[in-house]
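Worksheet: one structure, shown below.
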Amino acid sequence: MSASKPIDRQQLFSAAFAAAIGAFLAAALALNFAFVSSVEKAAADLRVAGLQQPMPQSKDIVIAAITEETVANFPYRSPIDREFLANLLLILEAKGARGVGLDVLLDSPTEPEKDQLLAETLRELKMPVWVSYTVTPSIVNEDQLDYLNAFVPEELRAAANLATDPLDGTVRWIFPGETEPGMPISFPRKAALLAGIETPNEQPLIAWRPRPDLETPVFPIYPSHAVPVMPDEWFKDKFVLVGAVLSITDRHRTPLAIYADGDDAMMPGIIVQAHALSQFLEGRKPHQVTTPATIGMAILFALIGVAIGLLKRGMFFNVLAALLLVVGLWLGAFLGFYYQWLPMLPVVAPTLALALSLWMMDVLIGRAERKQRQFVQGAFSRYVAPAVVDRLVENPEALNVSGTRQDVTFIFTDIAGFTTLSESLSSEKLSEVLNAYLDGACAVVFKHAGTVDKFIGDAVMAVFNAPIPQSDHVARAVRCALELDLFCESFREKMNAEGIPIGVTRIGIHTGVAMVGNFGSHARMDFTALGDTVNTASRTEGVNKYFGTRICATQEVVSQCPDLFFLPIGDIVLKGKTQAVRLFTPVSEEKSRSAFALRYEEAVHALENLGSSGNQSESDDAKEVAAIVQKLNEDFPEEPLAAFHARRVSQGIVSLRVVMEDK
């Protein structure tokens, strides 16, 4: 049975490893695409916005908000009245504020007296103060920058820029400052420095502080115009941030917008700065999807996808398993974050890795299985029953492709006088007869789930218990041989009636250990069996011509078929062997109970008891046994076994031991 070599397990696992690596790399690469990255960020934003555990309202930071009511008291909305700002700073100093951050850009002149008052106040304040500043051309032009530099002392400057996501404009990070020539450190870093806290020149995620409840803001927010009448303890020893909380001015989208609305969604810049400052003051770390976590989770889920693919349970199972895993991943990530069991885990990268690895495994496994299917069908579809091919396709591991020692049972068949027949027929007729004969013989073998190993001219070699394991392979082979004999006799009679003198088919059966598997080169391989068991089976077929039998089985076969029926032939020493083996011919249950079978068993028993090798033919016991055998032949002249033993005793060989001189 020849075919090209199928893909082996090592190749399959190599492909699986490649699929896992490919899926991981593809998932990692996909995170660079805007849409995929946005989904991962959105999943993180959902947890930050809706699943953080509440925290008490901040006790370190207070916001003095410039509200619509505040600006309504001034003759103009912008710039903010400088006298008001100067007085507010003096009042906050008097109330014992720890420090004041003025998030108002002083980049243009207003009323000279008021401008001078604020400038002098900034220089004379004893409490720490820092003022918004920028050199970014998109925010201030050259004239505005010159004015800003002249108005705000260098030691009070703090960069007011916000670090936004270029994909959706969401404020996500703390702007570090010092990014351009002349740019000071950022607003929250300046405040932290004044509090004695060193901050690295990095751009970390903002650790958004959760609300205490739905009604209470994260930071106390008081209208700046009402500060003079408020209790001093509300401001004492606190950082007070002064900035606009107006309806349309200085509003910025935050990650909280995915869940919340109002000031949390489009947050005033001064509150964004408060979140960043509280992060430094409280030493809180942001909830973020880290690169190591992304790599680890992506690799894990890529491997899980490969493992599911290797199960080879079909597309429905793969999709269902993947859906359950993805749902479990997302639920676990969200619930684990809410209950503080888990850090912020990536969900999009692992999902992509799982999906991609399953898809790649489907492509690779599908390709491998198609090759495997082609190999199995190419190697076996013409040599075993279709049902066996289907089983092999479903379970190709059943193939001992590398060669394995195992118990097998063989049937060898051969047509007597076929060489002479082939010389008397035309090639067309010979082909027609031989094909019809082999088709019928194969059908019988297939019926009993045997494997047609090869054809050698008119001879057939069939194997049982390979490639599909069969616990009853010995008995199955015997039943196959009996039915094969019926077919061959029927075919012979039909051909003889048509004037084609085809001979009897002789069949040999033997069981034992053989090396079974694929043997050959990479270009051409045969699934076959090798070993002494094969040779013995072949010789067992050949000795039929000496006994006149059509089926011959060895003692090893008979000993494993207690429910079948056999007639003993004799103790045969095959050509090239030294030990005698008892050979038998299988018969139907009906024939095993016939008068001939009973008489034959008695004759064999008498020969066995005599224990003669032929040199006691003149003894009275030998003569008595010879008479029994001769009488058996006279009463059943059509039985070849009776004729065989009668011929031997007539030659003075009164024994069951037969030494073969040729194969």
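With respect to the conditions (1) at pLDDT 85 or above; (2) hydroxyl-bearing (Ser, Thr, Tyr); (3) part of a helix (DSSP H, G or I), Tyr76 lacks only one, and its number is (3). For Thr533, the stated conditions do not hold, so it cannot be described as under 47 Å from the mean Cα position of the chain (by Cα) and part of a strand (DSSP E or B). Looking at the stretch 536-549, is at least one residue surrounded by 19 or more Cβ atoms within 10 Å (Cβ to Cβ), without any contact (Cβ under 8 Å) to a residue 60 or more places away in the chain and over 23 Å from Ala646 (Cβ atoms)? Checking the stretch 536-549: at least one residue is surrounded by 19 or more Cβ atoms within 10 Å (Cβ to Cβ), without any contact (Cβ under 8 Å) to a residue 60 or more places away in the chain and over 23 Å from Ala646 (Cβ atoms).
Does the stretch 503-517 include one or more residues that are of a type outside the set (Val, Ile, Thr) and either in a helix (DSSP H, G or I) or within 27 Å of Ser427 (Cβ to Cβ) (or both)? Yes, the stretch 503-517 has at least one match.
For the stretch 130-148, a residue qualifies if it is closer than 29 Å to Ala97 by Cα, in contact with a helix residue (DSSP H, G or I) (Cβ under 9 Å, 6 or more places away or on another chain) and open to solvent by 10 Å² or more (accessible area, probe 1.4 Å), and exactly one does: Val135. When the stretch 561-581 is filtered for residues that are within 12 Å of Val659 (Cα to Cα) and of a type outside the set (Ser, Thr, Tyr), the ones remaining, listed by number, are Gly570, Asp571, Ile572, Val573, Leu574, Lys575, Gly576, Lys577, Gln579, Ala580, Val581.
Of all residue pairs spaced 6 or more apart or on separate chains, those with beta-carbon atoms under 7 Å, a first member in the stretch 227-241 that is at negative phi and part of a strand (DSSP E or B) and a second member that is open to solvent by 50 Å² or more (accessible area, probe 1.4 Å) and not hydroxyl-bearing (Ser, Thr, Tyr) are Phe239/Asp60; Phe239/Arg98.
Checking each residue in the stretch 298-323 for being in contact (Cβ under 8 Å) with a residue 12 or more places away in the chain and not hydrophobic (A, V, I, L, M, F, W, C) picks out Gly305, Gly309, Lys312, Asn318. Pro75 passes every criterion in (1) surrounded by fewer than 20 Cβ atoms within 10 Å (Cβ to Cβ); (2) touching a residue at least 40 places away in the same chain (Cβ under 8 Å); (3) not hydrophobic (A, V, I, L, M, F, W, C) apart from (2).
Taking each residue of the stretch 78-101 that is under 14 Å from Pro223 (Cα atoms) and open to solvent by less than 20 Å² (accessible area, probe 1.4 Å) and looking for partners that are at pLDDT 95 or above and among the aromatic types (Phe, Trp, Tyr) with beta-carbon atoms closer than 9 Å, six or more apart or interchain, yields Leu92/Phe235.
In the set Val557, Val629, only one residue is open to solvent by less than 10 Å² (accessible area, probe 1.4 Å), assigned to a helix (DSSP H, G or I), in contact (Cβ under 8 Å) with a residue 12 or more places away in the chain and in contact with a His (Cβ under 6 Å, 6 or more places away or on another chain); that residue is Val629. Assessment of the stretch 552-564 against the conditions (among the hydroxyl-bearing types (Ser, Thr, Tyr) and in contact with a helix residue (DSSP H, G or I) (Cβ under 8 Å, 6 or more places away or on another chain)) yields at least one matching residue. Give me the residue from the stretch 433-474 that is of a type in the set (Val, Ile, Thr) and outside any helix (DSSP H, G or I) and, out of that set, surrounded by the fewest Cβ atoms within 10 Å (Cβ to Cβ). Filtering first and then ranking leaves Ile456. The number of residues in the stretch 248-262 being at pLDDT 75 or above and in a loop (DSSP other than H, G, I, E, B) comes to 4.
The numbered conditions (1) more than 23 Å from Glu483 (Cα to Cα); (2) of a type outside the set (S, T, N, Q); (3) not in a loop (DSSP other than H, G, I, E, B) are all true for Pro637 except (3). I need the full set of residues from the stretch 281-339 which are farther than 15 Å from Trp359 by Cβ and among the β-branched types (Val, Ile, Thr), in order please. Listed by number, the residues that qualify are Val289, Thr290, Thr291, Thr294, Ile295, Ile299, Val327. Does Ala603 count as in contact with a Pro (Cβ under 8 Å, 6 or more places away or on another chain), over 21 Å from Phe410 (Cα atoms) and either open to solvent by less than 30 Å² (accessible area, probe 1.4 Å) or outside any loop (DSSP other than H, G, I, E, B) (or both)? Spelling it out, it is not the case that Ala603 is in contact with a Pro (Cβ under 8 Å, 6 or more places away or on another chain), over 21 Å from Phe410 (Cα atoms) and either open to solvent by less than 30 Å² (accessible area, probe 1.4 Å) or outside any loop (DSSP other than H, G, I, E, B) (or both).
Of note, Ala226 does not satisfy the criterion of being surrounded by fewer than 16 Cβ atoms within 10 Å (Cβ to Cβ) and closer than 14 Å to Ile61 by Cα.
Across the stretch 87-140, the number of residues qualifying as more than 23 Å from Phe235 (Cα to Cα) and among the β-branched types (Val, Ile, Thr) comes to 6. Within the stretch 232-245, identify whether any single residue is modelled with pLDDT under 90 and touching a Leu at 6+ places or on another chain (Cβ under 7 Å), and answer yes or no. Within the stretch 232-245, not a single residue is modelled with pLDDT under 90 and touching a Leu at 6+ places or on another chain (Cβ under 7 Å). Here Ile221 clears all of (1) closer than 21 Å to Leu102 by Cβ; (2) open to solvent by less than 40 Å² (accessible area, probe 1.4 Å) except the condition numbered (2). Tally up the residues in the stretch 492-523 that are within 27 Å of Thr419 (Cα to Cα), among the hydrophobic types (A, V, I, L, M, F, W, C) and open to solvent by 20 Å² or more (accessible area, probe 1.4 Å), please. Matching residues across the stretch 492-523 total 2.
The values are calculated or read from the model by the stated rules, or taken from the named source; none is laboratory data. What you see is a predicted model; the values in this text were computed from it and never measured. Here Cβ is always computed from backbone atoms with ideal geometry, including for glycine, and neighbour counts include all displayed protein chains. Each accessible area value is taken on the protein alone, full model and side chains, heavy atoms only, with ligands, DNA and RNA left out. Shrake-Rupley method; radii C 1.70, N 1.55, O 1.52, S 1.80 Å.
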